[in-house]
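Data first, discussion second: the structure below is written as structure tokens.
The values are calculated or read from the model by the stated rules, or taken from the named source; none is laboratory data. Quick caveat, the model's predicted, so the values are computed rather than measured. Reconstructed Cβ throughout: ideal geometry from the backbone, glycine too, with neighbour counts over all protein chains shown. Note: accessible area is taken over every heavy atom of the protein model, side chains too, but ligands, DNA and RNA are not part of it. Shrake-Rupley method; radii C 1.70, N 1.55, O 1.52, S 1.80 Å.
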Amino acid sequence: MGVVSSLFGVCGFGVGVSAGLVIGYYFFIYFQPNDVKEPTVRSLVEQDTKSLQRMLPEIPLWVKNPDYDRMDWLNKFIESMWPYLDKAICKTAKDIAKPIIAENIVKYKINSVEFETLTLGTLPPTFQGMKVYITDEKELIMEPALKWAGNPNVIVAVKAFGLKATVQVVDLQVFASPRITLKPLVPSFPCFANILVSLMEKPHVDFGLKLLGADIMSIPGLYTFVQEIIKEQVANMYLWPKTLEVPIMDPSKALQKPVGILHVKVVRAFKLKKKDLLGKSDPYVKIKLTEDKLPSKKTTVKRSNLNPEWNEEFNLVVKDPESQALEFNVYDWEQVGKHDRIGMNVIPLKDLTPEETKSLTLDLLKNMDPNDAQNDKLRGQLVVEVTYKPFKEDEYTKDINGDSDAVQTAPEGTPAGGGLLAIIVHEAEDLEGKHHTNPYVKILFRGEERKTKHIKKNRDPRWEEEFQFMLEEPPTKDRIHVEVISKPSSIGIHSKEPLGYVDINLADVVSNKRINEKHHLIDSKNGKIQIELQWRT
């Protein structure tokens, strides 16, 4: 009886399933719903804004919002530089983390915390656009839209109580809209004193976290909890109007105007320390003011002389006589390699009486540390004369060389529509010839050639020679060719050697009347030349 009932049960199940499939197929084929309409095809132009954003969620901001600018050039730059930025950022992160880890592992009784792997991956962040605000204040405000769906791999190993645990961060995503403000804008490089960063909205941060190889973010509820914690903590610190301020320079010093001129005369030195193997030195002096980013002034090199006499004068611009000091460094010039410093000393400007010439004999020291025993050794003495001349109320037109910015007028007889082009060759530095360094300067302009005198055995020559060209029209489309050449000391196997050259466009000097700059020499390792151009009308 039981067998028969089981047999009927199986048969009934088979018949029921078969009948259900047949009936279902019949209804599916012959009964269509009445509310289904044929899809309509429309072009993107006909779609409204919400429909477009729903269909294309990854449209860049510069497309959706006309006040955002494209950042393709920056994204291409970051993409090319990312392998190098990855290593640099990771190295910086390790350097910052080391002292923080060292400070806290003792507190929490941890043996060690080390980065087993630290890389930001192969996918760089991208900027979807940038908004720039123009204000009446001395500031620049930028709002970039940053998206980073990266594949970093960060593995941190923690050792404590004889056990080791590894934590791994993978698949990081960061979407943020920071506001970056550069303020105040100042006339000293890099042209802003502070960077202020704040977030205009809570950032989106998503990542995978593995502990001992298991993804702990898959635990129910933990993912949402961590997301909210991160958003709240970041918002509490940096959500606008709160800011992260990064000081770049002291704005009060950057905005300081010159208050005076310091006249310096390097007279002589005596009993200098021997630096060369043959018991001599080739001394020269570098002069600069502290807190000043301008290049140092230099005297000429005195060959094989332990008691050199220069009698050379220099003018330096003073911005803060209370904090600045005049620094002297005496070096031994070398044909090849680094120049050896013989000694140094400083004169605080606050010790000088205005308008009074002070003659000083300075002992040369190794450094300015009063506790350094090396300063007791005799290195020689330097004799200088210093005069500080404060500006009067409206006397701020002196430049770094002590000359007035006002350009001389052209002499009588100058063509009415033209003028006088003056080319002043001041000095060069770090010149280096293969067989000899006896430099002179050759100037080519409109087929004319002019030359300075040649100076023997000097890598940092000073000429101070002026050449003039009378022109019937402004040289707005012309340029001059300046070439530094080394002349052999005597007739022999060596010929003249080019030490570098530079081509200078003259359009700027016509509009500015005067330009005094240092130019890097082409085909020279480190050589520079200082050329002053004046257009006198």
Which numbered condition in (1) outside any loop (DSSP other than H, G, I, E, B); (2) more than 23 Å from the chain's Cα centre (by Cα) is the only one that residue 137 fails?
(1)
Only residues that are buried (at least 18 other Cβ atoms within 10 Å of the Cβ) and not in a strand (DSSP E or B): list them for region 113-124, please.
120, 124
How many residues does region 319-339 hold that are out of contact with any helix residue (DSSP H, G or I) (no Cβ under 8 Å at 6 or more places or on another chain), buried (at least 16 other Cβ atoms within 10 Å of the Cβ) and not polar (S, T, N, Q)?
7
Given the criteria surrounded by fewer than 16 Cβ atoms within 10 Å (Cβ to Cβ) and either within 33 Å of the chain's Cα centre (by Cα) or among the β-branched types (Val, Ile, Thr) (or both), does residue 345 qualify?
no
Output the number of residues of region 250-298 satisfying the condition of being closer than 23 Å to residue 426 by Cα, at pLDDT 85 or above and either among the aliphatic types (A, V, I, L, M) or part of a loop (DSSP other than H, G, I, E, B) (or both).
7
Residues that are touching a strand residue (DSSP E or B) at 6+ places or on another chain (Cβ under 8 Å), over 25 Å from residue 119 (Cβ atoms), modelled with pLDDT of 65 or more and outside any loop (DSSP other than H, G, I, E, B), drawn from region 50-91
69
Looking only at region 140-184, which residues are part of a loop (DSSP other than H, G, I, E, B) and open to solvent by less than 40 Å² (accessible area, probe 1.4 Å)?
150, 152, 177
Among the residues of region 92-112, what is the count of those that are surrounded by 11 or more Cβ atoms within 10 Å (Cβ to Cβ) and under 20 Å from residue 172 (Cβ atoms)?
3
Report yes if some residue within region 148-161 is touching a Lys or Arg at 6+ places or on another chain (Cβ under 7 Å) and under 22 Å from residue 85 (Cα atoms); otherwise report no.
no
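Listed here are the residues, each with its yes/no results for (1) in contact with a Lys or Arg (Cβ under 9 Å, 6 or more places away or on another chain); (2) outside any helix (DSSP H, G or I); (3) within 19 Å of residue 261 (Cα to Cα).
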site	(1), (2), (3)
312	yes, yes, yes
321	yes, yes, yes
335	yes, yes, no
344	yes, yes, no
350	no, no, yes
354	yes, yes, yes
362	no, yes, no
369	no, yes, no
For residue 76, state whether it is surrounded by fewer than 14 Cβ atoms within 10 Å (Cβ to Cβ) and more than 27 Å from residue 194 (Cβ to Cβ).
yes
Subset of region 501-531 (residues that are closer than 11 Å to residue 428 by Cα and surrounded by 17 or more Cβ atoms within 10 Å (Cβ to Cβ)):
519, 521, 527, 528, 529, 530, 531
Exactly one of 290, 353 is β-branched (Val, Ile, Thr), free of Cβ contacts under 8 Å to residues at least 60 places away in the same chain and touching a strand residue (DSSP E or B) at 6+ places or on another chain (Cβ under 6 Å), and that one is 290
Please find, within region 196-223, the residue that is modelled with the lowest pLDDT out of those that are β-branched (Val, Ile, Thr) and in a strand (DSSP E or B).
205
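Give the residue that is nearest to residue 439 (Cα to Cα), with candidates limited to residues of region 461-483 that are touching a Ser or Thr at 6+ places or on another chain (Cβ under 8 Å) and at pLDDT 85 or above. Steps first, please.
In the first step, residues of region 461-483 are kept if they are touching a Ser or Thr at 6+ places or on another chain (Cβ under 8 Å); the result is 461-463, 465, 470.
Still in the running and at pLDDT 85 or above: 461-463, 465.
Values: 461: 7, 462: 10, 463: 10, 465: 14 Å.
If we take residues in region 461-483 being touching a Ser or Thr at 6+ places or on another chain (Cβ under 8 Å) and at pLDDT 85 or above, then 461 is nearest to residue 439 (Cα to Cα).
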